[in-house]
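A.B. asks: I have a structure I would like to understand better, so I am pasting it below and will then ask my questions one at a time.
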Amino acid sequence: MPQYVRGTVTRQAHVSLPAGTVEEEHGRSGFYGRASHLYRRNAPTGWSAIDGPLRPHALELSDLPADGRFPEVVLENEDVGIGVWQVDRTHPWFLRDADGDLALFVHRGTGRLETDYGPLTYAPGDYLVLPRGTTFRLQPTSPTRALTIATVAEIEPPDRGLLGRHALWDETVVRIPEVEPHDERGDFEVLVRQQGRLTSIRYPFHPLDVVGWKGDLCPFALAVSDLRPVSSFSYHLPPSAHTTFKADGVVVCSFVPRPLETAPEALKVPFYHRNIDFDEVIFYHHGDFFSRSGITPGMLTWHPQGIHHGPHPKAVADAGTRSFTEEVAVMVDTRRPLTATAAATAVERGDYWASWQE
Ligand SMILES: [Fe+2]
């Protein structure tokens, strides 16, 4: 397709914006497809009222109850269920998800994730990825709070493209379980979820009795401290540059400590956009989230596709003085629109949509 230019623009996106304007990216397929940049006199998030289902949402996940039988889903579509798992003690039952892969992102707490393949120790900032059908149980040594991302399709590494295969995270930095076979006898329950319904299976022996395994499918842990973010001093990279995992219809990105743009003409905060092909969910793990005021660790925001999003006015004002960000956040972008569950509605912070007002 040819590219057209009308009116007052900058030739290089995200750099040297025309005086008195903000930049909006209006693009298809996330940040990969056809796009135009619109230079506006006003931030498109400067609304005075929103009435309807596209209102941006913020959820206080820590207000949800702990020690449920399975993770609590707050947002879902045909491809993914996003939720939280709050576990204070080792449950007597084991779990198996037959509906899809399950990624946990540990926000608080330490302990072990027991699996058929052996245990993985965990700490805050760990992703724990379980292939569909793995039997598992959390054994917390301190109350554990995890974001959960349950995908129908396989969770896979990202396409690293021009960066080369070892960028972002080298596949050999993941932690793989060692076998720890159990031989206890007793009464053990495994809860299997399939099509959203639970089936209870009882065994007279400990279900984690594997003495050895071989192959290329297994649970693994990946610490965000082992991620190697890419950045540029003179060009604001789109969120897709921070992709950690993908599954059909779902992209998981990690925002980790990294230098900000230092070239004076470069945009330092995310450009405004309306993700017309993706819903955007962000879980805030650590740090002060400089593009969002009023958000604290443990909260989750949801921006449905179709409505603009972008930095808060305070972030725009603060950006000029900053050269590094310590924030850690997890973003889940979904191709199909999400719907909120009753659990989400129960912990929604109703005034979030107004937080862009000056
Ligand atoms: Fe976005």
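The values are calculated or read from the model by the stated rules, or taken from the named source; none is laboratory data. Here the structure is a predicted model, which means the values were calculated and not measured. A quick note on method: Cβ atoms are made from the backbone with ideal geometry, for glycine too, and the neighbour counts reach across all protein chains shown.
A.B. asks: Mind checking which residues of the stretch 158-175 are assigned to a loop (DSSP other than H, G, I, E, B) and on the phi > 0 side of the Ramachandran plot?
C.D. replies: Hit for the stretch 158-175 is 164, nothing else.
A.B. asks: Quick check on this structure: which one of 291, 323 is within 17 Å of the chain's Cα centre (by Cα), in the same structural domain as residue 252 (by TED's automatic domain parsing), modelled with pLDDT under 90 and more than 18 Å from residue 148 (Cα to Cα)?
C.D. replies: 291
A.B. asks: How about the stretch 91-111: which of its residues are under 20 Å from residue 132 (Cβ atoms) and not aromatic (Phe, Trp, Tyr)?
C.D. replies: The answer is 95, 96, 97, 98, 99, 100, 101, 102, 103, 104.
A.B. asks: Please go through the stretch 254-294 and pick out each residue that is hydroxyl-bearing (Ser, Thr, Tyr), assigned to a strand (DSSP E or B) and within 11 Å of the ligand (Cβ to nearest atom).
C.D. replies: Answer for the stretch 254-294, where residues must be hydroxyl-bearing (Ser, Thr, Tyr), assigned to a strand (DSSP E or B) and within 11 Å of the ligand (Cβ to nearest atom): just 272.
A.B. asks: Might you check whether a residue that is among the polar types (S, T, N, Q), surrounded by fewer than 19 Cβ atoms within 10 Å (Cβ to Cβ) and free of Cβ contacts under 8 Å to residues at least 12 places away in the same chain occurs anywhere in the stretch 186-199?
C.D. replies: Within the stretch 186-199, one or more residues are among the polar types (S, T, N, Q), surrounded by fewer than 19 Cβ atoms within 10 Å (Cβ to Cβ) and free of Cβ contacts under 8 Å to residues at least 12 places away in the same chain.
A.B. asks: Of the numbered conditions (1) assigned to a loop (DSSP other than H, G, I, E, B); (2) within 11 Å of the ligand (Cβ to nearest atom); (3) among the polar types (S, T, N, Q), residue 301 satisfies every one except a single condition; which is it?
C.D. replies: The one condition residue 301 does not meet is (1).
A.B. asks: Give the residues of the stretch 304-358 that are among the basic types (Lys, Arg) and either over 23 Å from residue 107 (Cα atoms) or within 16 Å of the ligand (Cβ to nearest atom) (or both), sorted by residue number.
C.D. replies: 314, 322, 335, 336
A.B. asks: OK, next. So, in the stretch 307-354, how many residues would count as being crowded, with 16+ Cβ neighbours inside 10 Å, without any contact (Cβ under 8 Å) to a residue 40 or more places away in the chain and of a type in the set (Asp, Glu)?
C.D. replies: 1
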